[in-house]
Number of protein chains: 2
Amino acid sequence: MHLSAEVIQTIKWDKQGLMPAIVQDANTLQVLMMAYMNAESLQRTLDIGETVFWSRSRQSFWHKGETSGNVQVVKEVRLDCDADTLLILVEPAGPACHTNATSCFFRTMSEFADKPEQL
Amino acid sequence: MHLSAEVIQTIKWDKQGLMPAIVQDANTLQVLMMAYMNAESLQRTLDIGETVFWSRSRQSFWHKGETSGNVQVVKEVRLDCDADTLLILVEPAGPACHTNATSCFFRTMSEFADKPEQL
């Protein structure tokens, strides 16, 4: 699918030209992670059928799993009512998290409160 | 649960002091919406057991369902690895979306591309 200029203009990008993308396992429905896409990374995602984000820390494209092999095969891309958030249903080839957890959301708030740290 | 100063300082709030909160149905696992919380709205959420967001457009607290009755009863609050995104599992009393759809993510990208609009 090619994103037309009208589609790109109607999407509500933030001031940095980014949009949050929630990644959900298409089979288990577990929420795996959240990352950000700009228009170009969304187009690349649609083109190659695997998630491609924009890394805010590295300021570069981030083809998830390119080095680890843990790519996320895109089954469906959804957009919310006010067109400012993406929901991407995927079949993951491996863990989503850099800690090797299946999902980045592996801690409850209580667990975090017991041991607050950014991992 | 009272959020300690250490917990609040360890959470990676954005420049506006906000954090995205993904809301997921605890039973169906459908992703319902995404909104934003600041430290105070997160504390209120934990206190009352229903979602309280920070409305960026209105710059005010937004107790979801306060007027519509469609509150979201919080079953679990999770935090991701780098502590910059919340995942909140809820039992919703009604539709999450202002359009009356169960989920705000009721459009596929193809459907949006056919009729691009912010609803």
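Things worth noting here:
- For chain A, calculated [θ]222 nm from helices alone, where every DSSP H run of n ≥ 4 adds -39500 (n - 2.57): -4500 deg cm²/dmol
- Counting only other chain Cβ atoms within 10 Å of each residue's Cβ, the peptide A:8-21 averages 1.
- Quotient of Cα Rg and 2.2 N^0.38 Å for segment B:1-63, N being how many residues it contains: 1.14
- Annotation note: GluC sites (Glu not before Pro) in segment B:1-80 located in DSSP loop regions with a Cβ neighbour count of at most 12 within 10 Å are B:E66.
- Summary of the geometry: segment A:61-119 and segment B:34-113, compared by the centres of their Cα atoms, lie 19 Å apart.
- Annotation note: trypsin sites (Lys or Arg not before Pro) in segment A:26-119 located in DSSP loop regions with a Cβ neighbour count of at most 11 within 10 Å are A:R58.
- Straight-line reach from B:K12: taking Cα to Cα under 26 Å and skipping same-chain neighbours fewer than 8 places apart, the lysines in range are A:K12, A:K15, A:K64, A:K115, B:K64, B:K75.
- Backbone phi angles across segment A:80-92, fed through the Karplus curve with coefficients 6.51, -1.76 and 1.60 (θ = phi - 60°), yield HN-Hα couplings of 7, 3, 9, 6, 10, 9, 9, 10, 10, 8, 9, 10, x Hz in residue order; Gly and Pro are listed as x.
- Farthest toward positive dipole pole in segment B:2-88 [+1 Lys/Arg, -1 Asp/Glu at C-beta], among B:S60, B:A35, B:G17: B:S60
- Rounded to the nearest 10 degrees, the angle from helix B:39-48 to the longest Cα principal axis of chain B is 80 degrees.
- Magnitude of the charge dipole, segment A:21-114, Cβ model with Lys/Arg +1 and Asp/Glu -1, debye to 20: 220
Computed from the coordinates by the stated procedures, all read-outs in this text should not be read as laboratory data. Keep in mind the model is a prediction, meaning the values are calculated, not measured. Positions of Cβ are generated from backbone atoms using ideal geometry, with glycine treated the same way; all protein chains shown enter the neighbour counts.
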